[in-house]
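Chemist: Here you go, one structure.
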Amino acid sequence: MTEIPEHLLKRAQAAREKAAGAASGDAAPAGDRIPDALLDRTKAAGAGATLVAAAPAAGLPVGAGPGGHTQRLLTVVKSGSIQEAKAAPVDKVHTWPHLLAVEFVASLALISFLFVFSWIVNAPLLKAADFNKTPNPSKAPWYFLGLQELLTMFHPMIAGVTLPGVGVLALMLTPYLDRNPSNKPEDRKFITSMMTLFLMFWAVLVIIGSFFRGPGFNFTFPWRDGIFFEL
Amino acid sequence: MAKVLDNPRPTLKERAAQIGQQLQGSQAWNSIFRPGSIFRKGYTDSPRNRSYVIMNSVLYHLHPVKVKRHAVKVSYTLCLGGLSFFLFILLTVTGIFLMFFYRPTGANAWQDIQTLQTSVTFGLLVRNMHRWSAHLMVLSVFLHMARVFYHGAYKPPREFNWVIGVVLLTLTLLLSFTGYLLPWDQLALWAVTVGTNMMGYSPVIGSQVRFVLLGGVEIGSETLLRWYVLHVLMLPFVIVIFMAIHFWRVRKDGGISGPL
């Protein structure tokens, strides 16, 4: 066990003596230390008085602090800061069972759909890869067909790199560019129409690239020449 | 005779119930399922136990104990984010199955898929599920993004989570694209040729990027191995990290957005 240094012991002893002396010296007048005026006021106001800053009674002699302010501890704390609820109450439900049940049903529905669909429709497997036979048309996976469609209109550097790059960057920056704080649809008409245009632009390009492009990636109609598309 | 009637032989149902009781009362069972678990004996529907179901499960505590009432409406989220995650899990499971039967070399890849479809039990079904799930995941992630946008859910304090989400969309596309090459059939080869030709046009570093990705100047066996490693190891590793941040931020940013 650590030894307590001597000077600390001395200091503790001195403090103890001082406290004992002060207690014995003040024992007699202790009852007089709360002024009568304050006691009366407490009686008059009842329990509520602790939260209400009472007007200082005239001629109040004792307890005056520097500058003549008369305060009791609890009157310093404004009632709002201890009574006010900081967060507005939110209407909440238990995750189990309300959310988990929904998630469970959704995942079951999805897996059943996939199971049945995979049972009926086979994934494509064409002939083994052959570098000497280029199929006509050669198409990218469907989600890149919008880009391939752009390739027919622009230089590859624009269509294949710049435009998709700018698109992804614009998407990432959306929350920092859109300074409108509201999430109500009626306040966001401009940005929602911009986004709808953006999404429709890609959707239309992908649909054209998938179904309306035939041999040589030339424009065609699926009902006239058939569909040149594999998933 | 009377004694027999007093103690008739227990029926099968009673025996099953008794075994169930014993099992659920055993120390082993109770050590596996923590208090409040719905698999515990004597789960009663109380607010305390509803909280325990979430708090005491390593999987469920992705969720908070309570969620906003409007958030559990299917019409609000259409379950799109959750289904994307579910599809990812499904793709992982079916993908592991496929890995047992696949060798990423130019000489074997196509034949392995062919064998998988014709000679492996459930091989064709699992391959189909893997492929359709992959396409569906691209679609669901895309639709999830649209849903989040139209709800204005990318607004403060959720800006950064939207950025993570765009990264996840890109990673989903890359995962799908790298997987597209692996069957090593005519469709895969030429679709990837078209795709990588576009990358070659990147300014300044285009040809270098293409060389690194293809493992050569043309698509070949090296490309197959590279994309295989990207597809089964590297990209899933990266996407899991980003998904973890994404889900964590959903909760830290105050749960789901709204109501509108």
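The values are calculated or read from the model by the stated rules, or taken from the named source; none is laboratory data. Only a predicted model underlies this, so the values are computations on that prediction, with no experimental measurement involved. Cβ coordinates were reconstructed from backbone atoms using ideal geometry, including for glycine residues, and neighbour counts include every protein chain displayed. Ligands, DNA and RNA are stripped out before the accessible areas are found, and what is left, the full protein with its side chains, is counted by its heavy atoms. Shrake-Rupley method; radii C 1.70, N 1.55, O 1.52, S 1.80 Å.
Chemist: Quick one: in the stretch A:122-132, which of the residues that are in a loop (DSSP other than H, G, I, E, B) and within 7 Å of chain B (Cβ to nearest Cβ) is surrounded by the most Cβ atoms within 10 Å (Cβ to Cβ)? Spell out how you get there, then give the answer.
Modeler: The initial filter retains those residues of the stretch A:122-132 that are in a loop (DSSP other than H, G, I, E, B), namely A:122-127, A:129-132.
So of that shortlist, the ones also within 7 Å of chain B (Cβ to nearest Cβ) come out as A:122-127, A:129-130.
Details: A:Asn122: 13, A:Ala123: 19, A:Pro124: 13, A:Leu125: 21, A:Leu126: 16, A:Lys127: 11, A:Ala129: 23, A:Asp130: 13.
Only one residue fits best here, namely A:Ala129.
Chemist: Let me ask something else about it. Listed residues B:Tyr76, B:Tyr43, B:Tyr60; which is touching a Pro at 6+ places or on another chain (Cβ under 9 Å) and either at pLDDT below 90 or among the aromatic types (Phe, Trp, Tyr) (or both)?
Modeler: B:Tyr76
Chemist: Here's a follow-up. Is one or more of the residues making up the stretch A:223-231 open to solvent by 70 Å² or more (accessible area, probe 1.4 Å) and under 17 Å from B:Phe142 (Cα atoms)?
Modeler: First pass over the stretch A:223-231, keeping only residues open to solvent by 70 Å² or more (accessible area, probe 1.4 Å): A:223-225, A:227, A:230.
Then keep just the ones that are under 17 Å from B:Phe142 (Cα atoms); that gives none.
For the stretch A:223-231, residues open to solvent by 70 Å² or more (accessible area, probe 1.4 Å) and under 17 Å from B:Phe142 (Cα atoms): absent.
Chemist: In the set B:Arg34, B:Arg15, B:Arg50, B:Arg40, which member is in contact with a His (Cβ under 6 Å, 6 or more places away or on another chain), surrounded by 11 or more Cβ atoms within 10 Å (Cβ to Cβ) and not assigned by TED's automatic domain parsing to the domain that holds B:Ser119? Let's see the steps before the verdict.
Modeler: Numbers: B:Arg34 fails: in contact with a His (Cβ under 6 Å, 6 or more places away or on another chain); B:Arg15 fails: in contact with a His (Cβ under 6 Å, 6 or more places away or on another chain); B:Arg40 fails: in contact with a His (Cβ under 6 Å, 6 or more places away or on another chain).
From the options B:Arg34, B:Arg15, B:Arg50, B:Arg40, the qualifying one is B:Arg50.
Chemist: Where residues in the stretch A:180-220 are open to solvent by 50 Å² or more (accessible area, probe 1.4 Å), under 26 Å from A:Val166 (Cα atoms) and of a type in the set (S, T, N, Q), which of them is nearest to the other protein chains (Cβ to nearest Cβ)?
Modeler: Looking at residues that are open to solvent by 50 Å² or more (accessible area, probe 1.4 Å), under 26 Å from A:Val166 (Cα atoms) and of a type in the set (S, T, N, Q), I get A:Thr196.
Chemist: Return yes or no: is B:Glu218 more than 9 Å from every other protein chain (Cβ to nearest Cβ) and without any contact (Cβ under 8 Å) to a residue 40 or more places away in the chain? Walk me through how you get there before you give the answer.
Modeler: Details: more than 9 Å from every other protein chain (Cβ to nearest Cβ): no; without any contact (Cβ under 8 Å) to a residue 40 or more places away in the chain: yes.
No.
Chemist: Mind listing whichever residues of the stretch A:140-161 are surrounded by fewer than 17 Cβ atoms within 10 Å (Cβ to Cβ), in a helix (DSSP H, G or I) and β-branched (Val, Ile, Thr)? Steps first, answer last, please.
Modeler: Filtering the stretch A:140-161 down to residues surrounded by fewer than 17 Cβ atoms within 10 Å (Cβ to Cβ) leaves A:152-155, A:157-158.
Those left that are additionally in a helix (DSSP H, G or I): A:157-158.
Of everything in the stretch A:140-161, just one residue is surrounded by fewer than 17 Cβ atoms within 10 Å (Cβ to Cβ), in a helix (DSSP H, G or I) and β-branched (Val, Ile, Thr), namely A:Ile158.
Chemist: Tell me, please, whether a residue that is assigned to a helix (DSSP H, G or I), at pLDDT below 95 and within 9 Å of chain B (Cβ to nearest Cβ) can be found in the stretch A:84-96.
Modeler: Within the stretch A:84-96, one or more residues are assigned to a helix (DSSP H, G or I), at pLDDT below 95 and within 9 Å of chain B (Cβ to nearest Cβ).
Chemist: When B:Phe39 is evaluated against the numbered criteria (1) in a loop (DSSP other than H, G, I, E, B); (2) within 11 Å of chain A (Cβ to nearest Cβ), which criterion, by number, is the only one it fails?
Modeler: (2)
Chemist: Let me ask another. Looking only at residues that are under 13 Å from the mean Cα position of the chain (by Cα) and within 11 Å of chain A (Cβ to nearest Cβ) in the stretch B:85-128, which one is surrounded by the fewest Cβ atoms within 10 Å (Cβ to Cβ)? Even if it seems obvious, please write down each step before you answer.
Modeler: Going through the stretch B:85-128, the residues under 13 Å from the mean Cα position of the chain (by Cα) turn out to be B:85-96.
Among the residues that remain, those that are also within 11 Å of chain A (Cβ to nearest Cβ) are: B:85-87, B:89-91, B:93-94.
Working: B:Phe85: 20, B:Phe86: 19, B:Leu87: 25, B:Ile89: 11, B:Leu90: 21, B:Leu91: 22, B:Val93: 13, B:Thr94: 22.
So, considering only residues that are under 13 Å from the mean Cα position of the chain (by Cα) and within 11 Å of chain A (Cβ to nearest Cβ), the one surrounded by the fewest Cβ atoms within 10 Å (Cβ to Cβ) is B:Ile89.
Chemist: Checking B:Ser176 against (1) at the interface with another protein chain (Cβ under 8 Å from one of its Cβ atoms); (2) within 30 Å of A:Pro175 (Cα to Cα); (3) over 19 Å from the mean Cα position of the chain (by Cα), which test does it fail?
Modeler: (3)
Chemist: Could you figure out which of (1) assigned to a helix (DSSP H, G or I); (2) within 11 Å of chain B (Cβ to nearest Cβ) isn't true of A:Glu230?
Modeler: Exception for A:Glu230: condition (1).
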